[in-house]
Amino acid sequence: MTDNIKFIQGNEACVEGAIYAGIDFYAGYPITPSTEVAELLSKRLPEKGGKFIQMEDEIASMCAIIGASLTGHKVMTATSGPGFSLKQEALGYACMAEIPCVIVNVQRGGPSTGNPTHVSQGDINQARWGTHGDHAIIALTASNHQDVFEVTVDAFNLAETYRTPVILLFDEVVGHMREKLVIPEKGEIPLVDRLRTSVRKGVDYHPYLPREDGRLPMSDFGGEHRYNVTGLFHDMWGFPSNNPKVVRELLHHLVDKIENNVHTITRYKEHYLEGAQYVLISYGSSARSAIHLAKNRRERGEKVGVLELQSIWPFPEALVREKCSGARAVIVVEMNMGQVMKEVKACVDDPSRVFLANRIDNKLITPTNIKTLLRMIQGRGV
Amino acid sequence: MAIKDYIRQRYFPQMWCPGCGHGIILNALLRAVDEMGLDKNNIVMTSGIGCSARISGYVDFHSLHTLHGRALAFATGVKLSKPELTLLVPMGDGDALAIGGNHFIHAARRNIDMTAIVMNNRIYGMTGGQYSPLSGYGKKATTAPYTTIDNDFDVVNLSIAAGASFVARSTAYHVLESIDILKKAIQHKGFSVVEILSQCPTYYGRKNKEGDAVSMMEFQKNTTAKLGSKALEKDPTLIPRGIFVDVDAPEYCQEYDKIVERAMKASQNNRVDQTLTTEAGHTCPTP
């Protein structure tokens, strides 16, 4: 099926993944370097009877997808840098009201307007804590187009499974780079549809009463069950409550439903990791350089491997600890000031053996950049 | 049906202060819905944050209590994704026109079919009486101890300029008129704005020495006049009430349906180039 083979940008691969996952509704606002996602969906969505709308700002786009999700649709928005900042308010709303939605953030340099057309991975912590208050979040990432496609499908599946916003943390290099994508046949990747209530008309439906497994069956707006959705702490009917027990139980539920499933949510790849003395931990476009270096070092007999993270939040602590347990040193390769490195230091047995190989100057980190640090750690000089 | 069939009695008594005009507006809105015979399952009420916004919790519709100022943006997502639903969007004055001002003018510009009700009590009540963009010049508020120097918006003129295809004004005092206007606004296909002047005796009234709820409602009666009335002709300083604009204009969801039709046809005919050109200056070709 040569129709299924494409040579496209990462942003387009994300759109292909969203279409495969069954996206029905997109709202967005133009911003570099994510705009291609909106452009392509403005063409593709109406072709399949879906809806695209360009809203007046990033805030409104985030609000609109939440509204559309409540009528039973699979929804997404895409943004970057300052736009991701603006989305935080309604992103918190989606956490609190438990609305499935996917938010793409094609990272660019920051803070503020920063570097719109250049690469960065500086929004790792913003994805985790950008919106106010305690909450849990799912954030996925990818280093190549096949994986961009797959994690996008995953993002929709996880959003529907856990009734939560899922963030796709891509970066400018992955978003704009062109490479091959093979679109899987229909059914090759399983799709998740949201759990809908089986409570019949006339029977009291509790939209916010979790089942034993923590899941909440939904009822679409426009259906037989009329209920309240709010960003306030709320009871099992969705009505505002400041009862301390209700508040505590809801917050625990919001955090536990994700943190307790970290093993199911975690996505990662191993490259040359077998018996590695030096473990490189990376993700997104910087992982490409890390993988290149590891391959190169292995060819010279050095035991260097890469743990490529594809899910950043919830942070896969147990996985990282296990994969780093036999390493002489761990080098976190990322394009920020050490946002994932701090997470790695917090969960490995010996944090003093964790180092940062980074670039924060608009440019993609190169294998040579990483090699320089590796040789210094090895005591071999540059 | 009786009014009680439209409310969630489980959540009463409501949280508004004694004398607040918002309960009257809720009543008027529910009577309008009842007289129109609308199916409750087809109604979504979306609101923002503030005293006015709590209205959505009390009604037995699908209700979406959202973020401050963002009710219309959420409503746009609901409506465009399921156009057969009827959207009612009650908002306070600060909610609709300060933090929500951008969403307000753009929803009007799109002419998307929903009814925006601005429950205008000229004050931020829930946070304790700060001035709003509708307080007007020379008023007192907890953030204007020396009186305001801000001018206010005229909701009607602003809505007309922004492109709303139905624009009306009434007051909590003129409740029968409000019911009639709300019915017409809901029936109207397009973006409808109904400003209803409401009273906040607790903050606005107290701060500005306008007396209790009764005298504030008398003020609504005495300072407004029906469009086309002799009273208004005689005294143009009175605030006009009635329907200012009611025009047929292309509605957003219906227009999008046409886009879907064109896109599907083009896709079937395979006339559309599937690739996206991303060089500067080139955009995705439209079907």
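Identify, from the list A:E274, A:E322, A:E270, A:E299, the residue that is under 20 Å from the mean Cα position of the chain (by Cα) and of a type in the set (D, E, K, R). First the steps, then the outcome.
Working: A:E274 fails: under 20 Å from the mean Cα position of the chain (by Cα); A:E322 fails: under 20 Å from the mean Cα position of the chain (by Cα); A:E299 fails: under 20 Å from the mean Cα position of the chain (by Cα).
The match here is A:E270.
Considering segment B:27-41 alone, what residues qualify as being out of contact with any Asp or Glu (no Cβ under 7 Å at 6 or more places or on another chain) and either modelled with pLDDT under 95 or not charged (D, E, K, R) (or both)? Before the answer, list the steps.
Pass one, segment B:27-41, residues out of contact with any Asp or Glu (no Cβ under 7 Å at 6 or more places or on another chain): B:27-39.
Of everything in segment B:27-41, those that are out of contact with any Asp or Glu (no Cβ under 7 Å at 6 or more places or on another chain) and either modelled with pLDDT under 95 or not charged (D, E, K, R) (or both) turn out to be B:N27, B:A28, B:L29, B:L30, B:A32, B:V33, B:M36, B:G37, B:L38.
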TODO: Go through segment A:215-231 residue by residue and tally those that are surrounded by fewer than 17 Cβ atoms within 10 Å (Cβ to Cβ) and under 30 Å from the mean Cα position of the chain (by Cα).
DONE: 1
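Scan segment A:253-266 and tell me whether some residue there is more than 26 Å from the chain's Cα centre (by Cα) and closer than 30 Å to B:A53 by Cα.
So in segment A:253-266, the residues more than 26 Å from the chain's Cα centre (by Cα) come out as none.
The answer is no, given that none of the residues of segment A:253-266 is more than 26 Å from the chain's Cα centre (by Cα) and closer than 30 Å to B:A53 by Cα.
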Task: Given (1) assigned to a helix (DSSP H, G or I); (2) free of Cβ contacts under 8 Å to residues at least 12 places away in the same chain, index of the condition A:P111 fails - done: (1)
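Tell me, which helices (runs of 4 or more DSSP H) lie completely within segment B:155-272 with 2 or more residues that are in contact with a Ser or Thr (Cβ under 8 Å, 6 or more places away or on another chain) and of a type in the set (A, V, I, L, M, F, W, C)?
Working: elements: B:155-162, B:175-187, B:213-222, B:230-234, B:252-268.
The helices (runs of 4 or more DSSP H) meeting that bar are B:175-187.
Can you tell me which residue is nearest to A:M236 (Cα to Cα) among those in segment A:104-114 that are β-branched (V, I, T) and more than 14 Å from every other protein chain (Cβ to nearest Cβ)? Before the answer, list the steps.
So in segment A:104-114, the residues β-branched (V, I, T) come out as A:104, A:106, A:113.
Pick out the ones that are also more than 14 Å from every other protein chain (Cβ to nearest Cβ) and you get A:104, A:113.
Numbers: A:V104: 30, A:T113: 42 Å.
This residue is A:V104.
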- [ ] Kindly indicate which of A:D147, A:D213 is free of Cβ contacts under 8 Å to residues at least 12 places away in the same chain and among the charged types (D, E, K, R).
- [x] A:D213
- [ ] Could you tell me whether segment A:28-48 includes any residue that is crowded, with 24+ Cβ neighbours inside 10 Å and aromatic (F, W, Y)?
- [x] no
Task: The lone exception for B:A213 - which of (1) under 28 Å from B:K189 (Cβ atoms); (2) buried (at least 17 other Cβ atoms within 10 Å of the Cβ) it fails - done: (1)
Task: Residues within segment A:287-304 that are crowded, with 24+ Cβ neighbours inside 10 Å and either more than 27 Å from A:H176 (Cβ to Cβ) or acidic (D, E) (or both), tallied - done: 1
Open item on the list: Can you find, within segment B:70-117, the residue that is nearest to A:T230 (Cα to Cα) among those that are at the interface with chain A (Cβ under 7 Å from one of its Cβ atoms) and among the basic types (K, R)?
Closed with: B:R70
Open item on the list: If I go through segment A:77-93 residue by residue, how many of them are crowded, with 20+ Cβ neighbours inside 10 Å, more than 12 Å from every other protein chain (Cβ to nearest Cβ) and in a helix (DSSP H, G or I)?
Closed with: 3
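Here is a yes/no grid of residues against (1) of a type in the set (D, E, K, R); (2) facing chain B (nearest Cβ under 7 Å); (3) touching a residue at least 12 places away in the same chain (Cβ under 8 Å):
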| site | (1), (2), (3) |
| --- | --- |
| A:G28 | no, no, yes |
| A:V37 | no, no, yes |
| A:K43 | yes, yes, no |
| A:M55 | no, yes, yes |
| A:I59 | no, yes, yes |
| A:G67 | no, yes, no |
| A:L70 | no, yes, yes |
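What number of residues in segment A:158-168 are over 12 Å from the mean Cα position of the chain (by Cα) and in contact (Cβ under 8 Å) with a residue 60 or more places away in the chain?
First, the residues of segment A:158-168 that are over 12 Å from the mean Cα position of the chain (by Cα): A:160-163.
Next, from what is left, pick out any that are in contact (Cβ under 8 Å) with a residue 60 or more places away in the chain: A:160, A:162-163.
Going through segment A:158-168 one residue at a time, the tally reaches 3.
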Open item on the list: One residue is enough: does segment B:183-200 have a residue meeting the conditions in contact with a Lys or Arg (Cβ under 7 Å, 6 or more places away or on another chain), of a type in the set (D, E, K, R), away from every other protein chain (no Cβ under 14 Å) and over 20 Å from B:F104 (Cβ atoms)?
Closed with: no
Open item on the list: One residue is enough: does segment A:198-210 have a residue meeting the conditions within 14 Å of chain B (Cβ to nearest Cβ) and of a type in the set (S, T, N, Q)?
Closed with: no
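Applying the selection to segment B:40-69, what residues are among the aliphatic types (A, V, I, L, M) and more than 7 Å from chain A (Cβ to nearest Cβ)?
Applying the first criterion (among the aliphatic types (A, V, I, L, M)) to segment B:40-69 yields B:43-45, B:49, B:53, B:55, B:59, B:64, B:67.
Of everything in segment B:40-69, those that are among the aliphatic types (A, V, I, L, M) and more than 7 Å from chain A (Cβ to nearest Cβ) turn out to be B:I43, B:M45, B:I49, B:A53, B:I55, B:V59.
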Open item on the list: Of the conditions (1) surrounded by 17 or more Cβ atoms within 10 Å (Cβ to Cβ); (2) more than 22 Å from the chain's Cα centre (by Cα); (3) on the phi > 0 side of the Ramachandran plot, A:G284 satisfies every one except a single condition; which number is it?
Closed with: (2)
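Being surrounded by 18 or more Cβ atoms within 10 Å (Cβ to Cβ) and touching a Gly at 6+ places or on another chain (Cβ under 8 Å) narrows it down to one residue among B:D113, B:D93; which is it? Steps first, please.
Values: B:D93 fails: touching a Gly at 6+ places or on another chain (Cβ under 8 Å).
Just a single option satisfies the conditions, and that option is B:D113.
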TODO: Could you check how many residues of segment B:114-139 are farther than 20 Å from B:I55 by Cβ and under 13 Å from the mean Cα position of the chain (by Cα)?
DONE: 0
Open item on the list: Suppose we filter segment A:60-86 for residues that are among the β-branched types (V, I, T) and over 19 Å from the mean Cα position of the chain (by Cα); how many remain?
Closed with: 1
Open item on the list: Here is a check on your reading of the model: is A:A127 in contact (Cβ under 8 Å) with a residue 60 or more places away in the chain and in a helix (DSSP H, G or I)?
Closed with: yes
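The values are calculated or read from the model by the stated rules, or taken from the named source; none is laboratory data. Here the structure is a predicted model, which is why all the values come from computation and not from measurement. Methodologically, a virtual Cβ is constructed for each residue, glycine included, from the backbone with ideal geometry; neighbour enumeration extends over all protein chains shown.
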